[in-house]
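Enquirer: First the structure, which I've put down as structure tokens, then a few questions once you've had a look.
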Amino acid sequence: MPLFLLLFIGLPLIELYILIQVGAEIGAFSTILLSVLTAVLGAWLVRHQGFSVLRRVRELLDRHELPAIEVVDGALLLVAGLCLLLPGFVTDSFGFMLLIPPLRRILIIRVLGVRPLPASPPDRARADLHIRVIEGECRRDH
């Protein structure tokens with residue numbers, strides 16, 4: 001519950017304070033223009049990186065591999081896009097940090113505990129496609 005209070009009350013208040021401080025320094029019009037510019041630039045970068053993640057997902061699916069890391073990567077890109085579309089410099093900073101692929105990879109590995117598997121050699125990947133699975137039941141008699 002306190003986390004939601006912090007997100008829904010504290011974060012907008014911090015954003016408002018920083019917007020007022022920046023507006024006092026560079027002017028209200030410049031602050032609004034900067035906020036719109038970061039939203040447009042962020043949306044373009046998220047779109048570009050999102051297509052890259054979709055391409056990697058398609059490649060992995062074509063090789064019959066699960067795109068687990070790429071799905072989490074795409075989810076983090078959605079969070080980055082949401083942060084960049086919200087007005088404010090704190091959320092924009094967080095959103096731009098999520099657009100840096102090595103930082104996203106570190107977040108996936110450290111926070112979520114997901115580790116990417118090493119890439120298999122092409123011969124091994126082709127050999128794995130021809131494995132036949134036979135389902136059955138096992139019973140152990142003592």
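Enquirer: How about region 54-92: which of its residues are within 13 Å of Ala39 (Cα to Cα) and of a type in the set (Gly, Ala, Ser)?
Expert: Ala80, Gly81, Gly88, listed by residue number.
Enquirer: A follow-up question, please. Identify all residues within region 80-104 that are farther than 12 Å from Gly42 by Cβ and surrounded by fewer than 16 Cβ atoms within 10 Å (Cβ to Cβ); write none if there are none.
Expert: Answer for region 80-104, where residues must be farther than 12 Å from Gly42 by Cβ and surrounded by fewer than 16 Cβ atoms within 10 Å (Cβ to Cβ): Ile100, Pro101, Pro102, Leu103.
Enquirer: Further question: Could you say which residue among Val57, Val71, Val22, Val53 is touching a Ser or Thr at 6+ places or on another chain (Cβ under 8 Å) and part of a helix (DSSP H, G or I)? Even if it seems obvious, please write down each step before you answer.
Expert: Numbers: Val57 fails: touching a Ser or Thr at 6+ places or on another chain (Cβ under 8 Å); Val71 fails: touching a Ser or Thr at 6+ places or on another chain (Cβ under 8 Å); Val53 fails: touching a Ser or Thr at 6+ places or on another chain (Cβ under 8 Å).
Selected residue: Val22, the only one of Val57, Val71, Val22, Val53 that is touching a Ser or Thr at 6+ places or on another chain (Cβ under 8 Å) and part of a helix (DSSP H, G or I).
Enquirer: Could you go through region 34-54 and let me know if any residue there is under 23 Å from the mean Cα position of the chain (by Cα) and among the aromatic types (Phe, Trp, Tyr).
Expert: Step one: list which residues in region 34-54 are under 23 Å from the mean Cα position of the chain (by Cα), which gives 35-54.
Remaining after also requiring among the aromatic types (Phe, Trp, Tyr): 44, 51.
There is at least one residue in region 34-54 that is under 23 Å from the mean Cα position of the chain (by Cα) and among the aromatic types (Phe, Trp, Tyr).
Enquirer: Quick one: how many residues across region 114-142 are within 17 Å of Glu70 (Cα to Cα) and either at pLDDT 75 or above or of a type in the set (Phe, Trp, Tyr) (or both)?
Expert: Qualifying residue count, region 114-142: 0.
Enquirer: Provide a single number: the residues in region 58-86 that are within 11 Å of the chain's Cα centre (by Cα) and among the acidic types (Asp, Glu).
Expert: 2
Enquirer: Please verify whether region 24-35 includes one or more residues that are within 14 Å of Leu86 (Cα to Cα) and in contact (Cβ under 8 Å) with a residue 60 or more places away in the chain.
Expert: The answer is no; no qualifying residue exists.
Enquirer: Of (1) surrounded by fewer than 12 Cβ atoms within 10 Å (Cβ to Cβ); (2) within 25 Å of Leu112 (Cβ to Cβ); (3) of a type in the set (Val, Ile, Thr), Ile9 satisfies all except one. Which?
Expert: Only one criterion is unmet by Ile9, namely (2).
The values are calculated or read from the model by the stated rules, or taken from the named source; none is laboratory data. This structure is a prediction, so every number in the text was calculated from the model and none was measured. Every residue, glycine as well, gets a Cβ built from its backbone with ideal geometry; the counts of neighbours run over all protein chains shown.
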